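Engineer: Dumping the structure here so I can ask a few things about it.
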Amino acid sequence: MSASRTFSDDDAAYRAPGDVNDFDETLPGPWEWDVKRLAASLEVAARGNGFPGRQRREIIMSAVGQYRQAMRQFAGMANLEVWYARADIDQLRAQFDSQLAEQQRRRLDKGLAKARTRDSLQEVAKLTQMVDGEPRIISDPPVLVPVDELIPAETTREGLQAFIGGLLASYRRTLETDHRYLLEQYQFCDMARKVVGVGSVGTRCWIILMLGRDGSDPLFLQVKEAEASVLSRFAGASKYKNQGERVVAGQRLMQAASDIFLGWQHTEGEATLDGKPRDFYIRQLRDWKFSLPIEALIPEGLRMYGALCGWTLARAHARSGDRIAIAAYLGGSDVFDKAITQFAVAYADQNEHDHQALIDAVTSGRITAEPGV
């Protein structure tokens with residue numbers, strides 16, 4: 001089925017209005033994997049919202065159809081036109097307003113406003129307290145553990161700063177020259193281990209607080225461990241020796257505008273605190289990330305959102321793969337759209353079956369689960 005290979009990821013592309021999101025598993029692979037994943041995610045979301053079968057089908061057909069049509073448009077563009085293509089969030093908002101009830105519009109306004117405040121300054125207020133006139137990351141184990149509590153007691157603050165400074169120096173070399181210059185205007189302040197989402201359980205994650213002019217000029221960096229992509233078993237190993245670089249390369253290639261502090265690092269020996277070599281990628285902890293409240297959308301709203309995601313995914317594939325070959329394979333009819341829609345239904349059926357098996361296992365006592373955790 002593959003007419004080309006492009007960067008794929010194991011997370012749902014529908015979560016990021018205006019751009020694809022989450023690149024931990026990024027690896028060159030069959031482009032249709034991403035389309036199937038998007039379609040299946042929309043089917044699962046539509047079922048969760050209680051939409052009937054006809055409306056679910058329209059939502060998926062619209063998303064896949066938009067992907068196919070957008071790819072055909074990108075195939076006719078010059079390289080630079082594809083590279084500079086953008087999704088207009090204001091235009092998206094205008095389209096959504098007519099499809100949302102007043103309460104839903106208020107929720108969307110609140111979400112967009114919240115996204116614009118999701119920056120390092122907000123995180124400083126939430127994650128730190130003042131100690132000797134400087135902000136220090138609070139201790140909230142096991143979710144948040146400052147590095148002071150993890151290193152040997154004989155290590156001084158000056159020794160810690162020198163140690164972290166060496167690690168940051170290697171990371172800085174992976175940034176563009178102008179971004180490196182900007183980062184050099186910040187000084188290390190504090191660092192902590194942070195528990196992250198379900199998909200990253202078992203991997204290391206750190207947050208680093210940097211300060212610029214003063215405490216009102218903070219920068220929070222997130223350092224996430226990168227392991228071999230789960231897709232490598234099926235698509236082959238990455239060409240990058242450093243798995244952090246693999247993640248960064250995929251994100252830079254597929255996103256229209258990536259985090260300016262996106263970089264990578266390799267640590268080993270004492271730098272890992274457990275002596276095992278590890279790869280990491282680094283990004284800002286907060287940079288206006290936002291997802292639409294899928295559960296609040298009416299069928300037409302989800303259909304429009306799915307169509308936007310189809311366009312966005314097509315742009316990512318047009319940037320990273322052979323857009324002409326993909327467009328030629330897709331053709332001008334809706335045969336591909338129907339095939340992917342059938343796949344999405346079968347996937348969602350299996351998803352419900354697996355979830356029921358989990359519930360049965362909890363009910364029978366074979367496994368233990370705590371609701372709301």
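Engineer: Under a crude label model (7 Å from the Cα following the beta-carbon direction), how far is W83 from L144 in nanometres?
Structural biologist: The modelled label-to-label distance comes out at 4.0 nm.
Engineer: A further question on this structure: Counting other Cβ atoms within 10 Å, keep those with at most 11, restrict to DSSP loop, and tell me which trypsin sites (Lys or Arg not before Pro) in segment 226-268 are left.
Structural biologist: In loop regions of segment 226-268 (DSSP not H, G, I, E or B), the sparsely surrounded trypsin sites (Lys or Arg not before Pro) are K239, K241.
Engineer: Taking a ≥ b ≥ c as the square roots of the Cα gyration tensor eigenvalues, with a/c under 1.5 meaning rounded and otherwise prolate when a/b beats b/c, else oblate, which class fits segment 120-284?
Structural biologist: In terms of gyration-tensor shape, prolate.
Engineer: What is the sum of charges around F51, taking Lys and Arg as +1, Asp and Glu as -1, for the other residues whose C-beta is under 12 Å from the C-beta of F51?
Structural biologist: +1
Engineer: To continue, here is another question. In nm, give the distance between the simple-model label positions of A256 and Q187, each being 7 Å from the Cα along the Cα-to-Cβ direction.
Structural biologist: About 3.9 nm, to one decimal.
Engineer: Ok, one more. Would you please put 187-196, 326-335 in order of how densely packed they are, using the mean number of other Cβ atoms within 10 angstrom per residue and starting with the highest?
Structural biologist: Result, highest mean Cβ count within 10 Å first: 187-196, 326-335.
Engineer: Quick one: if you stick a label point 7 Å off each Cα along the C-beta vector at S170 and E370, how many nm between them?
Structural biologist: Between S170 and E370, the label points sit 3.7 nm apart.
Engineer: Moving to a separate point now. Evaluate the charge dipole of segment 120-284 about its Cα centre and quote only its size in Debye, nearest 20, assuming +1 on the Cβ of each Lys and Arg and -1 on the Cβ of each Asp and Glu.
Structural biologist: 800 debye
Engineer: Could I ask something else about it? What is the count of Lys pairs in segment 120-284 whose alpha carbons sit under 18 Å apart, if the two are 8 or more places apart or on different chains?
Structural biologist: Going through segment 120-284 pair by pair, I get 5.
Engineer: Can you give the local net charge around G202? Use residues other than it whose beta-carbon is closer than 11 angstrom to its beta-carbon, Lys and Arg +1, Asp and Glu -1.
Structural biologist: Net of charged neighbours comes to -1.
Engineer: Separate question: Name the residue farthest towards the positive end of the dipole of segment 313-373 from the options H353, G332, S364, assuming +1 on Cβ of Lys and Arg, -1 on Cβ of Asp and Glu, about the Cα centre.
Structural biologist: Final value for the positive-end residue is G332.
Engineer: How much length is gained if the chain between I324 and V196 is pulled fully straight, taking 0.36 nm per residue apart and subtracting their Cα-Cα distance, in nm to one decimal?
Structural biologist: 42.2 nm
Engineer: Within 10 Å, count the other beta carbons around each residue, average over each peptide in 225-232, 347-354, and list them highest first.
Structural biologist: 225-232, 347-354
None of the figures in this text is laboratory data; all of them are computed from the coordinates on show. On a predicted model such as this, the values are computed, not experimentally measured, just so you know. Don't worry about glycine lacking a Cβ; one is built from the backbone with ideal geometry, like all the others, and counts go over all protein chains shown.
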